[in-house]
1. Going by what's in this entry, would Ser187 be described as on the phi < 0 side of the Ramachandran plot, surrounded by 19 or more Cβ atoms within 10 Å (Cβ to Cβ) and more than 16 Å from the ligand (Cβ to nearest atom)?
2. With Leu474, Leu489, Leu483 as the choices, which residue is touching a strand residue (DSSP E or B) at 6+ places or on another chain (Cβ under 8 Å) and either touching a residue at least 12 places away in the same chain (Cβ under 8 Å) or aromatic (Phe, Trp, Tyr) (or both)?
3. Filter segment 256-285 down to the residues that are open to solvent by less than 20 Å² (accessible area, probe 1.4 Å) and polar (S, T, N, Q), then identify the one that is farthest from the chain's Cα centre (by Cα).
4. For segment 273-311, what are the residues that are outside any loop (DSSP other than H, G, I, E, B) and within 14 Å of the ligand (Cβ to nearest atom)?
5. Counting only residues that are crowded, with 16+ Cβ neighbours inside 10 Å and farther than 15 Å from Met127 by Cβ, how many does segment 355-374 have?
6. Answer yes or no as to whether Gln294 is open to solvent by 10 Å² or more (accessible area, probe 1.4 Å) and closer than 30 Å to Thr113 by Cα.
7. Can you give me the number of residues within segment 312-345 that are assigned to a helix (DSSP H, G or I) and under 30 Å from Ser242 (Cα atoms)?
8. Would you be able to say whether some residue in segment 238-255 is more than 26 Å from the chain's Cα centre (by Cα), more than 16 Å from the ligand (Cβ to nearest atom) and open to solvent by less than 50 Å² (accessible area, probe 1.4 Å)?
Amino acid sequence: MADSKPLRTLDGDPMAVEALLRDVFGIVVDEAILKGTSASEKVCEWKEPEELKQLLDLELQSQGESREQILARCRAVIHYSVKTGHPRFFNQLFSGLDPHALAGRIITESLNTSQYTYEIAPVFVLMEEEVLKKLRALVGWNSGDGVFCPGGSISNMYAMNLARFQRYPDCKQRGLRALPPLALFTSKECHYSITKGAAFLGLGTDSVRVVKADERGRMIPEDLERQINLAEAEGSVPFLVSATSGTTVLGAFDPLDAIADVCQRHGLWFHVDAAWGGSVLLSRTHRHLLDGIQRADSVAWNPHKLLAAGLQCSALLLRDTSNLLKRCHGSQASYLFQQDKFYDVALDTGDKVVQCGRRVDCLKLWLMWKAQGGQGLERRIDQAFALTRYLVEEIKKREGFELVMEPEFVNVCFWFVPPSLRGKKESPDYSQRLSQVAPVLKERMVKKGTMMIGYQPHGTRANFFRMVVANPILAQADIDFLLGELELLGQDL
Ligand code: ABU
């Protein structure tokens, strides 16, 4: 690459800009989108970090590079990246590549605006409100507020901050000095952002009281009540309960109605972390899993997960109609939020959030929804549940596969028991040896590039795979492939 001609600046040369971007889009369509979603291509091209650094030639230089060099770099970036839209990428709670959502992401990137004022984001301010209204309606609210956040963890932190502010508005000015020792409650299966949020907001991780979950991973409301009473007896002031709809590993749905009853009895803010499971609200068949969500004060919901809207698309929804977001976070910067503007300044939503610049996250969801309709999205959710059932039945049929439990959602947790461990459950080192299987298989599948599945230990359970059935292009053939490939990779173990 070093001897090619350097790229002259493209500023003010529309033909050169067009030529470059048409080439780049061509590469993106061929390599990232078509090959990236083709089952006959690899999910990833694994390289050790030192080798990858060399291959990518990461160091930044004072000299610019030629167009050919830049195009080769674009190809290399795509080639060595993990293809999360690939039908054998099962590693995270997001996967898939919806073309309409992607079109929205491309437009968003190209327009490069910030969501904070109507004057620079007129389309997106109105669109965000419409999309949030639709999500709120699915929760069961015909009014309220909300905002797109940079991820579900931040949505959860917003909920904690709002709950605290609503109870102790003084803390905005006086900070922690305005507060008694506070307590919040969540189950042991909650997302790790709850403890992170407690630390970040100055509540401290000790303020998080961990409520017991049942054998399926669902919060036990009786234990919640017990923990609230205990916290009070110890001198803390309970202020928030965070329930989870779709836990990260087991995919469990907390019993929201029973938890809402407890919150109501104790006057606590009821937050539902539905980052993973929120999209189930679109399915008339399965939305009963979230019965009671309409009683929440706040809901976190990530359409970038099960709806495949693309990272990131993470809504915080609020039942509040008192402008709580703005009262809690507003700082009235006079250079952005002039009150004497020529339009309705209520459309300047930037002071609702702690960020200044804020990405446009509504367009990808809006465009996908326009293309699919609510019915198309509902079909996707139902299809994911149906494929999950297929996977579960296949696991039950095959020797060497063992379910951790019947899934409630599209997380399928299972062990692959290799030939050498079959029939040895009673051996004292069985669990320890079984724990070593998933990491070995993970390394093999990644190095071969055929698929990616996550694994983890869980409580006293040995490492097991967590298969996530979410990609809208998944078919039974991909499920068959997954099981066959595990058998193949693990036949010598
Ligand atoms: N926000 C949880 C994501 C972790 C996962 O994809 O497993």
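1. For Ser187, the condition - on the phi < 0 side of the Ramachandran plot, surrounded by 19 or more Cβ atoms within 10 Å (Cβ to Cβ) and more than 16 Å from the ligand (Cβ to nearest atom) - is not met.
2. Leu483
3. The extreme case among them is Ser283.
4. Asp273, Gly278, Ser279, Ala300, Trp301 - these are the residues of segment 273-311 that are outside any loop (DSSP other than H, G, I, E, B) and within 14 Å of the ligand (Cβ to nearest atom).
5. The total comes to 2.
6. no
7. Total meeting the criteria: 6.
8. Taking every residue of segment 238-255 in turn, at least one turns out to be more than 26 Å from the chain's Cα centre (by Cα), more than 16 Å from the ligand (Cβ to nearest atom) and open to solvent by less than 50 Å² (accessible area, probe 1.4 Å).
The values are calculated or read from the model by the stated rules, or taken from the named source; none is laboratory data. Predicted model, so just to flag it, every value in this text is computed and none were measured. Glycine also receives a Cβ, built like all others from the backbone with ideal geometry; neighbour counts cover every protein chain displayed. Heavy atoms of the whole protein, side chains included, go into the accessibility calculation; ligands, DNA and RNA do not. Shrake-Rupley method; radii C 1.70, N 1.55, O 1.52, S 1.80 Å.
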